[in-house]
Amino acid sequence: MTETSETPETPEAIAAPEAPETPAAPEPPPPPKPYRKRTPRMLHEMVQELWDRVQVLEDANEIRNLKAEYAAACDDNYNPDRIAALFVEDAVWESEGLGRFEGREAIREFFRGISSHFVFALHYGLNPHIEIDGDTARARWYLFMPCTVGENGQAMWRAGIDDEEYIRAEGNQWMFKSKKSAPIFNTPYEDGWAKTRFV
C-alpha cells in the first residue's frame with residue numbers, strides 16, 4: 001500500500017476575490033429645450049386664458065354667496081323682501097308640495113305667508129356642483145333643513161335637491177333665474193327617515 005501525501009495549497013494558489021463592479025455613471029440630463037420667445041400675441045392669449053379661468057372661480061364664489069344669502073333670508077323668518085331681491089323679474093321658484101311661482105312679485109307673495117307654516121327653519125346648502133357659462137350658470141345643491149312646522153310645533157327633518165339657474169344681471173350681480181326643489185325625505189323628528197320617509 002502506497003501512501004500519498006497532499007501538498008497544501010500555497011497562498012498563490014488561492015484565487016483572489018473578485019473586485020466589485022464599479023456602478024455605471026448616470027446618464028447626463030437632456031440638454032435644455034431652446035428658449036421659445038413669446039410674441040406679444042402669445043402673451044396676450046396667455047393672459048386672456050388666465051383671466052378667463054380666474055373669472056370662472058370668482059363667478060362660482062359669488063354664486064355660493066348668493067346661495068348663502070338666500071339661506072340666511074329664509075332663516076330670517078322667510079323675509080319676503082330680502083328673498084325677492086335675489087331673483088330677476090321673470091324668475092321661477094318651484095318646490096314639490098309647496099307650488100310653482102312665476103315672477104318676482106309672485107315669489108315675494110308666497111314667502112309673505114310661508115312663515116306661518118314653517119315657524120322655524122335652518123337651511124343648509126351642501127355639495128354644490130356649479131357650471132359657469134359666460135353670463136349664465138347652473139348648479140345642483142343638496143338641501144338639509146331641520147324645521148318646526150305648523151301651529152302644533154312639529155319638529156321635522158327635510159332634505160332635497162335644488163336645481164338652480166342664475167344670470168349675471170345689471171351691475172355684474174348674479175341673481176336667481178330659476179329654483180326648483182325636489183324632496184328626498186320629509187319626516188317627523190321622532191320617527192326619522194328610516195321609519196317614515198314622507199308625511
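Quick check on my filter: what residues within region 42-70 are among the charged types (D, E, K, R) and under 22 Å from V88 (Cα atoms)?
Step one: list which residues in region 42-70 are among the charged types (D, E, K, R), which gives 45, 49, 52-53, 58-59, 62, 64, 67, 69.
Across region 42-70, the qualifying residues are E58, D59, E62, R64, K67, E69.
Inspect all residues belonging to region 135-158 and state whether any of them is hydrophobic (A, V, I, L, M, F, W, C) and not in a strand (DSSP E or B). First the steps, then the outcome.
First, the residues of region 135-158 that are hydrophobic (A, V, I, L, M, F, W, C): 137, 139, 141, 143-145, 147, 149, 155-157.
With the extra rule that they be not in a strand (DSSP E or B), the set shrinks to none.
Within region 135-158 (the criterion being hydrophobic (A, V, I, L, M, F, W, C) and not in a strand (DSSP E or B)), the answer is no, since none of the residues qualifies.
In the set F185, F176, which member is within 22 Å of R64 (Cα to Cα) and modelled with pLDDT of 95 or more?
On the way: F185 fails: within 22 Å of R64 (Cα to Cα).
From the options F185, F176, the qualifying one is F176.
Within region 159-195, how many residues are outside any strand (DSSP E or B) and farther than 20 Å from D135 by Cα?
The qualifying residues number 7.
Given R38, R112, which one is over 27 Å from the mean Cα position of the chain (by Cα), of a type outside the set (S, T, Y) and part of a loop (DSSP other than H, G, I, E, B)? Give the steps one after another, and end with the answer.
Details: R112 fails: part of a loop (DSSP other than H, G, I, E, B).
Selected residue: R38, the only one of R38, R112 that is over 27 Å from the mean Cα position of the chain (by Cα), of a type outside the set (S, T, Y) and part of a loop (DSSP other than H, G, I, E, B).
Given the conditions (1) touching a Phe, Trp or Tyr at 6+ places or on another chain (Cβ under 7 Å); (2) modelled with pLDDT of 95 or more, report the number of the one that R140 does not fulfil.
Only one criterion is unmet by R140, namely (1).
Can you tell me which residues in region 133-163 are closer than 18 Å to E58 by Cα and touching a residue at least 40 places away in the same chain (Cβ under 8 Å)?
Correct list: T136, A137, A139.
Can you tell me how many residues in region 63-105 are closer than 20 Å to V119 by Cβ and part of a strand (DSSP E or B)?
Number of matching residues: 2.
Can you tell me which residue within region 115-134, out of those that are among the small types (G, A, S) and part of a strand (DSSP E or B), is farthest from N79 (Cα to Cα)? Steps first, answer last, please.
First pass over region 115-134, keeping only residues among the small types (G, A, S): 115-116, 121, 125, 134.
From what is left, the residues that are part of a strand (DSSP E or B) are 121, 125.
Values: A121: 12, G125: 18 Å.
Looking at residues that are among the small types (G, A, S) and part of a strand (DSSP E or B), I get G125.
Identify all residues within region 168-183 that are hydrophobic (A, V, I, L, M, F, W, C), surrounded by fewer than 17 Cβ atoms within 10 Å (Cβ to Cβ) and within 22 Å of the chain's Cα centre (by Cα); write none if there are none.
Residues of region 168-183 hydrophobic (A, V, I, L, M, F, W, C): 169, 174-176, 182.
If we keep only those that are surrounded by fewer than 17 Cβ atoms within 10 Å (Cβ to Cβ) as well, we get 169, 182.
Hit for region 168-183 is A182, nothing else.
Residue-by-condition table, conditions (1) more than 19 Å from I63 (Cα to Cα); (2) of a type in the set (K, R):
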{"site": "V92", "(1), (2)": "no, no"}
{"site": "F101", "(1), (2)": "yes, no"}
{"site": "A106", "(1), (2)": "yes, no"}
{"site": "R112", "(1), (2)": "yes, yes"}
{"site": "H117", "(1), (2)": "yes, no"}
{"site": "I130", "(1), (2)": "no, no"}
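Just need a number here: residues in region 115-139 that are exposed (fewer than 15 other Cβ atoms within 10 Å of the Cβ) and closer than 16 Å to A68 by Cβ.
Going through region 115-139 one residue at a time, the tally reaches 4.
Per-residue answers, yes or no, for (1) in contact with a helix residue (DSSP H, G or I) (Cβ under 9 Å, 6 or more places away or on another chain); (2) modelled with pLDDT under 95:
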| site | (1), (2) |
| --- | --- |
| W51 | no, yes |
| V54 | no, no |
| D59 | no, no |
| E69 | yes, no |
| N77 | no, no |
| R82 | yes, no |
| E94 | no, no |
| L98 | yes, no |
| S115 | yes, yes |
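The values are calculated or read from the model by the stated rules, or taken from the named source; none is laboratory data. Computed from a predicted model, the values in this text were never measured in an experiment. When we count neighbours, we look across all protein chains shown, and the Cβ atoms used for this are built from the backbone with ideal geometry, even at glycine.
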